[in-house]
Amino acid sequence: MLEHRISAARRCLERLGADLLIVSNLSNVRYLCGFTGSEGLLILSKNEGWFLTDSRYTSQAGEEVSGARVVEFSIKLDSASEIVLGSGAKKVAFEAVHTTVATYREMGKKMPGVRFLPADKELVSLRSVKDAAELVLLEKVAQIASTALTETLAEVKPGARESDVAWALECAMRRGGAEGKSFDFIVASGERGALPHGKASEKLIQKGELVTLDYGAMYRGYCSDETHTVCVGEPDPRQREIYEVVRTAQYKAIDAVRPGLTFKELDEVARGYIDEKGYGKYFGHGLGHGVGLDIHEPPTVSFRSTAKVEEGMVFTIEPGIYIPGFGGVRIEDTVVVEGGKARRITRVPKELMVL
């Protein structure tokens with residue numbers, strides 16, 4: 001599988017007209033060659049590969065890295081420059097988005113005569129469509145997270161602290177096999193539900209409140225992302241109405257997923273329905289994002305995006321309504337585009353749950 005990914009990266013070289021590709025972002029490094037540590041640099045030519053790391057990871061890299069020769073460095077950029085200049089490369093593709101201005105300037109000093117070409121769009125295209133091995137891991141991590149939420153719902157009750165609910169959820173994920181959480185959980189109750197990124201606080205949950213739980217696990221480097229909003233006690237008519245608007249908007253968007261549709265058009269399916277129901281000004285963020293080795297990665301599912309849905313893409317669909325002084329509702333599933341339509345890989349049913 002890694003050989004296939006390396007080959008795809010080499011085709012990027014051909015399209016860019018570059019002699020070498022330097023990959024520094026650790027998620028892209030892991031995707032291409034399998035390295036799971038925190039210090040590494042991958043350099044690819046049309047026929048060769050070098051993986052640079054320091055003495056802490058030399059042995060680990062020897063066990064994990066595929067498709068490249070492991071090189072131990074003392075000063076990373078010096079070793080990279082030696083390889084680049086030694087190869088005679090004149091055009092080098094690199095990740096401009098993940099390179100600081102200081103590093104870029106230093107590259108220019110250490111590699112005189114080399115022209116640097118941004119390769120970000122090319123590398124994004126490699127990871128935006130998931131392969132079979134990735135889908136197995138994404139299914140697994142989604143199952144771990146969904147099961148953990150089901151096990152934790154009994155903790156969501158009057159008098160419970162939001163931060164304690166978040167901790168119980170993380171512990172349940174760990175028991176289920178997760179290697180960690182994919183982001184800081186959101187547990188936002190009552191009026192705090194109007195905060196789209198309301199991280200778990202010391203607030204005590206009260207009877208009659210909506211509680212939004214946005215959570216995700218990590219397993220073998222891959223992330224999950226799912227949001228459920230529950231009601232602690234019987235919901236009032238307004239709470240139920242807002243929940244049903246968001247739920248219907250989400251279902252409509254999931255049903256609309258088709259290869260060739262732009263993400264702007266997909267976003268409008270949910271946004272248009274919420275606006276039609278009178279809550280448009282309370283839905284400010286995009287409809288979703290890609291999920292994989294990073295919790296937020298391409299594609300961007302947004303009113304700003306002209307990219308198109310493709311078979312094999314994995315992304316979230318998460319409309320919400322956030323009303324200051326009242327609270328909010330967000331409902332999120334992660335889907336894979338399969339057989340020309342969306343299939344949920346997150347597992348918790350999204351009907352309103354009354355606890």
Given the criteria in contact with a helix residue (DSSP H, G or I) (Cβ under 6 Å, 6 or more places away or on another chain), in a helix (DSSP H, G or I) and not assigned by TED's automatic domain parsing to the domain that holds L287, does L123 qualify? yes
Here are V232, V245: which of them is over 24 Å from H289 (Cβ atoms), of a type outside the set (S, T, Y) and either touching a residue at least 60 places away in the same chain (Cβ under 8 Å) or crowded, with 23+ Cβ neighbours inside 10 Å (or both)? V232
Segment 1-56 - residue that is among the acidic types (D, E) and in contact (Cβ under 8 Å) with a residue 60 or more places away in the chain and, of those, surrounded by the most Cβ atoms within 10 Å (Cβ to Cβ): D19
Look through R271, R343 and report the one residue that is outside any loop (DSSP other than H, G, I, E, B) and in contact with a Gly (Cβ under 9 Å, 6 or more places away or on another chain). R271
Can you confirm whether segment 56-72 contains a residue that is part of a helix (DSSP H, G or I), assigned by TED's automatic domain parsing to the domain that holds D120, within 28 Å of E297 (Cα to Cα) and of a type in the set (D, E)? yes
For the structure I just gave you, tell me whether I186 is within 21 Å of D294 (Cβ to Cβ) and among the aliphatic types (A, V, I, L, M). yes
Kindly provide the set of residues from segment 157-197 that are out of contact with any Gly (no Cβ under 9 Å at 6 or more places or on another chain) and basic (K, R), ordered by number. K157, R161, R175
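Here's the yes/no breakdown for (1) in the same structural domain as G290 (by TED's automatic domain parsing); (2) closer than 22 Å to L135 by Cα; (3) out of contact with any strand residue (DSSP E or B) (no Cβ under 7 Å at 6 or more places or on another chain):
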| residue | (1), (2), (3) |
| --- | --- |
| G208 | yes, no, yes |
| D214 | yes, yes, no |
| A217 | yes, yes, no |
| R220 | yes, yes, yes |
| V230 | yes, no, no |
| R240 | yes, no, yes |
| E244 | yes, no, yes |
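With A145, A133 as the choices, which residue is exposed (fewer than 15 other Cβ atoms within 10 Å of the Cβ) and either of a type in the set (D, E, K, R) or within 30 Å of H228 (Cα to Cα) (or both)?
A133
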Residue by residue through segment 306-323, note down the ones that are outside any strand (DSSP E or B), crowded, with 20+ Cβ neighbours inside 10 Å and either under 15 Å from the mean Cα position of the chain (by Cα) or of a type outside the set (A, V, I, L, M) (or both). E318, P319
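Condition check ((1) in contact (Cβ under 8 Å) with a residue 60 or more places away in the chain; (2) surrounded by fewer than 21 Cβ atoms within 10 Å (Cβ to Cβ); (3) aliphatic (A, V, I, L, M); (4) farther than 18 Å from Y322 by Cα) across all residues:
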| position | (1), (2), (3), (4) |
| --- | --- |
| E241 | no, yes, no, no |
| G260 | no, yes, no, yes |
| F263 | no, no, no, yes |
| G278 | no, yes, no, no |
| K281 | no, yes, no, no |
| L287 | no, no, yes, no |
| I295 | yes, yes, yes, yes |
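The values are calculated or read from the model by the stated rules, or taken from the named source; none is laboratory data. Keep in mind it's a predicted model, so treat the numbers as computed, not measured. Positions of Cβ are generated from backbone atoms using ideal geometry, with glycine treated the same way; all protein chains shown enter the neighbour counts.
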